[in-house]
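The values are calculated or read from the model by the stated rules, or taken from the named source; none is laboratory data. Note that the structure is predicted; figures quoted are calculated from it, not measured. With ideal geometry, Cβ positions are generated from the backbone for all residues, glycine too; neighbour counts draw on all protein chains shown.
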Amino acid sequence: MYPNPYQNNQQGGQYPPPGSGAPQQAYAPPTNAPPSMYPAPGGPPYQPQTAYQPPTAYQPLAGYPPQQQATPGYPGGTMYPPLPQPGAPPAGGAYAGGAYPPPAQLPFSGMPAAVPTPNPSGGGGMPMSMPMSMPMSMPSPHQYGQQPAYPQHQPVQNQYSQGNMVPPFSPVQPNSSPYGQPAYPPQPSQHQPPTMNPSTTYGFLCGPLLRYQNMDLHQGNWLGSVLMVSKPDPHGQQGPPPVLTWSDGRSHPQQVTGLAIDGYNQSIFWRFALVIPQDPQVTKKITYSINGGSSYWFFVAGRSESFRWMFYSCNGFSSATDSVAIGGANPLWNDALAKHTEHPYHVMVGGGDQLYCDSLLDEPEMKEWLSGTISEREKATCKPHWVHAIEKYYFNRYCTWFSQGTFGQALAAIPTVNMWDDHDTIDGYGSYPEATMKSSVITTIGAVSRKFYLLFQQHTTPALVPHHGFFSAGVGENILASFGPSTSILALDARSERTKNVVCSDQTYDLAFAKMYNEIPQGTRHLLVQIGVPIAYPRLVFAENLMGSVGSVLGGLASAKSVVNKINGEPELLDDLNDHWTAKAHKQERNKFIVRLQNFANDRKIRITFISGDVHCAGIGRFTAKISPPEKDPQLMYQVISSAIVNEPPPEGVIRLLHFQDKVHILDGRVKTYEDMYPMFTTDVNGQSLQLDKLLPRRNYSHGYFNHHTGGLEVTIFAENVRGGPEHTPGGDKGTKGYVIHVPRLEA
């Protein structure tokens, strides 16, 4: 499905393509992996110190609101916070400290009048909590900001029932989309899927999109989902729910009927819930198709295997970027899928900015809003045609960006765990002044972007999030999931509650740590903490002070318009500085979070590693108490910075400035802890020596896996090789160079 574009990496025949007639066998990794990338130290494999024990029921922290029971029938026993009642104040003061109230649940918009009704036998259809019929023109019963983030929900119809295959949808001409930044350049023929794209064959606008939810450790099941977005029927009618068929090549094919979870402009979001039994030992290859169409496949780790994971961020272009000059969006995705062909990834983590939506401000309706003064923008009510334009933009932006290029192929082949950041909404969202963030237009943009973020990236809706593997203290969707018996991940939603002074509320931290203590299996040796912005990074306090002091001056200078933010007239980079954990406003919260993580690492003997993006360069931050050997130091935490996989790196002058500002910082935490940037990049991708060795301004992504010989974590950052021209020209798209960091285990 994904031929390797690099001749020297060809393996050949690792697994036969579906439909070739060859038997489907469990995947076994090749034994000739390059030692620099996949080291296998001698000696017996590392033995976990404690065996896996089922997680106990969640016990709330002292002073925290009572916890409701687990959702009935949910595998794995994960607990969820209580749902807020309409009109009730947030429990436990979840929005204290200047945080904004939760975004409203968006009205269910655009579902056609003829909607498949729920099947009493559980064969798909609409969840009972959704209206069975709502004309597109029906006004919403709730305006933005008048309904709680998590409305009460009814039990969902059985999503795992089998159904009969249905004929493919009738072909519909693809809709063109005028939205978004430059599209992916045309793909070379060797990277095309084996058959026609389903969006032009089976009536789908976007998909398939794979998502990994968690493992049911008690039953040995892999839990995930596939999302498809259907095209509007030209006659306003929809056929029967689509059916996904999957097979592991060993047992009879299984069928899952799509569940319609939402709609927009007569397009329906179909969610296929997957529950796949794991092999006791080895990875299984899962082949799937929808309505008998194109075949796709992904890989499910065995129960005794830890996942091979890939991490990326900043998957789009800033407005000022010449996307053609830097080779377009495909080169590093080509490289990632080449490595996936050799050693399949079980999951890929989106660390934020999975797409860039800044071009929303170029829409005519948004220009109309921006034409007023700053005071007029903050006071303006979001007009109905503005709301319509915002919804249309985000829907088309996702459908375009998530279905094109090599990235579109990756979404169909590697299950995702995603967390959003500002560009998934709009640049700087959450870090603007309070008056801007509370304005009608900005809150509407936040609510609309959240709706489509939950649909496209998380395969859920505000009403359904408790069923789909999230936890929340009232605002935001956080994730705690297992990556196998040795590794877990905490993906912290550091955007939904964000203000200029708050990243996450105290209640979110309390709930996250309670779940970490009670639900991470005892055998886990590593915890990945995914946060969008790096928590260890050079300080730019002097620039923060400079921007804050001259902001009003710059705003009044006509000659400075190019460096002034369109929304509120502040310096363009000030929202980026306010975003950082190392900003003055977030320093106390940051240090408290780090100390709590140190205590957790010491208590549970779990090594913690941060993975973050946002800053468009590669780097490794480090916290350490300088205890020797490092296996005895629970304060040792690495910050892997991997950004951007698509966007343009910063100029050398910015990297030089960051190196100039880097120094050793001391944190009086559990014990005295030293923070610095690790000199990772002593040589460039072309072999030349580098004096600026702590941050590398090249496009990049990373991957990691648990080393069962040492008990450590092996993480590799793949930086784009020196380019000779745009993609598909001589010198372009020449792959990557790997930089390896060894994260040692933490001993008792």
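Overview of results
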{"item": "Those residues of segment 438-463 which are more than 18 Å from the chain's Cα centre (by Cα), farther than 19 Å from Val502 by Cβ and in a loop (DSSP other than H, G, I, E, B), in sequence order", "result": "Ala463"}
{"item": "Residue, surrounded by the most Cβ atoms within 10 Å (Cβ to Cβ), within segment 272-315, restricted to residues that are of a type in the set (Gly, Ala, Ser) and over 30 Å from Leu259 (Cα atoms)", "result": "Ser306"}
{"item": "Matching option when the condition is aliphatic (A, V, I, L, M) and either at pLDDT below 60 or within 23 Å of the chain's Cα centre (by Cα) (or both), among Val503, Val595", "result": "Val503"}
{"item": "Residue within segment 251-258 that is in contact with a strand residue (DSSP E or B) (Cβ under 7 Å, 6 or more places away or on another chain), surrounded by fewer than 18 Cβ atoms within 10 Å (Cβ to Cβ) and in a loop (DSSP other than H, G, I, E, B) present", "result": "yes"}
{"item": "Residue match in segment 290-299 (condition: farther than 30 Å from Thr524 by Cβ, in contact (Cβ under 8 Å) with a residue 12 or more places away in the chain, assigned to a strand (DSSP E or B) and in the same structural domain as Thr524 (by TED's automatic domain parsing))", "result": "yes"}
{"item": "Conditions (1) in contact with a strand residue (DSSP E or B) (Cβ under 9 Å, 6 or more places away or on another chain); (2) surrounded by 24 or more Cβ atoms within 10 Å (Cβ to Cβ); (3) closer than 25 Å to Ala644 by Cα: number failed by Leu490", "result": "(2)"}
{"item": "Sole exception among (1) β-branched (Val, Ile, Thr); (2) in contact (Cβ under 8 Å) with a residue 60 or more places away in the chain; (3) surrounded by fewer than 21 Cβ atoms within 10 Å (Cβ to Cβ) for Val387, by number", "result": "(3)"}
{"item": "Selection within segment 617-648 - under 25 Å from the mean Cα position of the chain (by Cα), surrounded by fewer than 23 Cβ atoms within 10 Å (Cβ to Cβ) and assigned to a loop (DSSP other than H, G, I, E, B)", "result": "Glu648"}
{"item": "Residue list for segment 513-541, restricted to those being of a type in the set (Phe, Trp, Tyr) and in a helix (DSSP H, G or I)", "result": "Phe513, Tyr517"}
{"item": "Selection within segment 201-223 - among the aromatic types (Phe, Trp, Tyr) and in contact with a helix residue (DSSP H, G or I) (Cβ under 9 Å, 6 or more places away or on another chain)", "result": "Phe204"}
{"item": "Subset of segment 578-597 (residues that are in contact with a strand residue (DSSP E or B) (Cβ under 8 Å, 6 or more places away or on another chain) and crowded, with 20+ Cβ neighbours inside 10 Å)", "result": "Ile594, Leu597"}
{"item": "Which numbered condition Arg670 misses (of (1) closer than 16 Å to Ile594 by Cβ; (2) part of a loop (DSSP other than H, G, I, E, B); (3) in contact with a Ser or Thr (Cβ under 6 Å, 6 or more places away or on another chain))", "result": "(3)"}
{"item": "Spans of helices (runs of 4 or more DSSP H) in segment 347-437 with at least 1 residues of a type in the set (Lys, Arg) and more than 30 Å from Leu480 (Cβ to Cβ)", "result": "364-370, 374-379, 384-401"}
{"item": "Thr460 vs. criteria hydroxyl-bearing (Ser, Thr, Tyr) and either closer than 22 Å to Leu210 by Cβ or surrounded by fewer than 23 Cβ atoms within 10 Å (Cβ to Cβ) (or both)", "result": "yes"}
{"item": "Test: residue in segment 699-709 that is in a loop (DSSP other than H, G, I, E, B), of a type in the set (Gly, Ala, Ser), at pLDDT 90 or above and within 19 Å of His526 (Cβ to Cβ)", "result": "no"}
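Residues checked against (1) of a type in the set (Ser, Thr, Tyr); (2) at pLDDT below 95:
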position: Lys284; (1), (2): no, no
position: Ser289; (1), (2): yes, no
position: Tyr312; (1), (2): yes, no
position: Ala338; (1), (2): no, yes
position: Gly350; (1), (2): no, no
position: Asp353; (1), (2): no, yes
position: Glu365; (1), (2): no, no
